[in-house]
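Structure, as structure tokens:
The values are calculated or read from the model by the stated rules, or taken from the named source; none is laboratory data. Keep in mind that what you see is a predicted model, and the values were worked out from it rather than measured. Don't worry about glycine lacking a Cβ; one is built from the backbone with ideal geometry, like all the others, and counts go over all protein chains shown. Remember, those area values only see protein heavy atoms, side chains included, never the ligands or the DNA or RNA. Shrake-Rupley method; radii C 1.70, N 1.55, O 1.52, S 1.80 Å.
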Amino acid sequence: MSSRAPTVGGGAGSAPFQVGLLGHGTVGGAFAVLLEERAAEIERFNGRRPVISGVLTRTQGDFEQILSDADLLVELIGGIEPAREYLLTAMRAGKDVVSANKQLLSQHGEELFETAREYGVRLRFEAAVAGVVPVVRVLEESLSATPIERIHGIVNGTTNFMLSEMAHGSSYAQALAEAQRRGFAEADPSDDVSGRDAAAKMAILARLAFGTPVHLNDVRYEGIEHLHVDDLEYARELGLGLKLLGTAERRQGGLSVRVHPAFLYSGHPLASVSGPFNAVTVESEAITEITMSGPGAGGRQTASAVLGDVVSVMTGGARPPAPPLALRMVEDVENAFYLHLDVADRPGVLAAVMQVLGEHEVSIKSVVQRGMGERARLVMVTHSVIESTLRAAVERVGEFDFVRNTPRTICVIEEEFV
Ligand SMILES: NC(=O)c1ccc[n+]([C@@H]2O[C@H](COP(=O)([O-])OP(=O)(O)OC[C@H]3O[C@@H](n4cnc5c(N)ncnc54)[C@H](OP(=O)(O)O)[C@@H]3O)[C@@H](O)[C@H]2O)c1
């Protein structure tokens, strides 16, 4: 919570643009400070000076009064209720709204978009996805006429920081402790490490890129809690780096949206994004590939994206959302995979594994084999294969008596764009 109280009201002689602020915590507090710092400059090019006309927290402010005074409401409370009710009430009263609330947008987005359309008001949410990286505006405006094929995103800074630490030898527990110590992870990091936070953001991005309703429940997600540091080490030998990757893409006439750990070759634009950063790659035949990256979170950074939305509404740049199109969700998709087998070190093991993979038409691109006394590690990367086919083949491999542990698989992204 910011310790500095916001200034309420306009300067003498100005025609203020009244901003009602719901929430005055990490982002809300930083937003109030930033707005005050930037107000004169915004007035200079926009003709109106934005001012905070009222603030609501758990202990201050009256929502009805703030709503009636405001030209626009900024929601920085977070969570579902009362944020949802406040936003709906504001839009029904004809007010434009700005929010940074990914949980709300990924679970009640259609209700909010529909209300914005019905009442002809603007609903802006740049800060809900990828922090300060202006991906929402780029998708809604710059690329609005471009048929997008795929979006890849590193949209959770906490896990990206942790994976960067693990790539340098830290254990999962050490990486998490360091993320908490440096303020990149909350005391309860479960939404981050389980992939749920990234899934919410990918649902919002998919809705924007493909114009189809995508609920958080439509996104299959897997986190980083079960990763082994040795997977990162072997993969390095194969030229691969590990990320928690969100994907939204057209597949078989439908749409697949998912989040899971994935290996990238060094030529992929997201391979070099490390630490608490976010990045999003947009792919389309017309543009090949565009990558945007920047800080993933932080009060002041997020507040800057929120203020950008306020200015966009003031200048009339943003439109009410377009009506949705229906696209079916596709579950079973094709990818290359990393496969890690812990096996007994005896002759014929590799040949037996290759035979089963061959019978399922899983072909192998590269293999690393290491003897370790009685045991050996067999690490391979497949060529592209339908996921259910790979799973069936790996299940059969797991039945061999020489396989010591459950085989581990991780998706591999083959594109490099170099
Ligand atoms: N923090 C980040 O780096 C970041 C990054 C991107 C997006 N976001 C999003 O930004 C939003 C705000 O996050 P934050 O980190 O600023 O949260 P926060 O620090 O917890 O602040 C929440 C604010 O909302 C107020 N509030 C909570 N419940 C309320 C209620 N029932 N009625 C009125 N006010 C209520 C709190 O009041 P009190 O002051 O009285 O407690 C506090 O001022 C969330 O949607 C979050 O997902 C945050």
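Observations on the structure shown:
- Residue among 116, 145 that is buried (at least 17 other Cβ atoms within 10 Å of the Cβ) and small (Gly, Ala, Ser): 116
- Test: residue in the range 66-81 that is hydrophobic (A, V, I, L, M, F, W, C), near the ligand (Cβ under 8 Å from one of its atoms) and open to solvent by 30 Å² or more (accessible area, probe 1.4 Å): yes
- Which listed residue is of a type in the set (Val, Ile, Thr), within 30 Å of residue 366 (Cα to Cα) and open to solvent by less than 50 Å² (accessible area, probe 1.4 Å), from 313, 330: 330
- Criterion (at pLDDT below 90 and under 30 Å from residue 18 (Cβ atoms)) met by exactly one of 371, 317, 308: 317
- One residue stands out in the range 82-94 among those that are within 19 Å of residue 117 (Cβ to Cβ) and assigned to a loop (DSSP other than H, G, I, E, B): the one that is nearest to the ligand (Cβ to nearest atom), namely 93.
- The helices (runs of 4 or more DSSP H) found wholly in the range 110-221 and carrying at least 3 residues that are over 23 Å from residue 76 (Cα atoms) and without any contact (Cβ under 8 Å) to a residue 40 or more places away in the chain occupy 172-181.
- Matching residues, the range 248-285, being under 20 Å from residue 199 (Cα atoms), open to solvent by 10 Å² or more (accessible area, probe 1.4 Å) and of a type in the set (D, E, K, R): 250, 251, 283
- For residue 16, the test of being more than 8 Å from the ligand (Cβ to nearest atom) and touching a helix residue (DSSP H, G or I) at 6+ places or on another chain (Cβ under 8 Å) is failed.
- Cβ-Cβ distances below 6 Å connect the following pairs, each with a first residue in the range 66-81 that is touching a residue at least 40 places away in the same chain (Cβ under 8 Å), a second residue that is charged (D, E, K, R), and a separation of six or more residues or different chains: 72/96; 73/95.
- Filter result (more than 8 Å from the ligand (Cβ to nearest atom), open to solvent by 50 Å² or more (accessible area, probe 1.4 Å) and in contact with a strand residue (DSSP E or B) (Cβ under 8 Å, 6 or more places away or on another chain)) within the range 44-65: 48, 49, 62, 65
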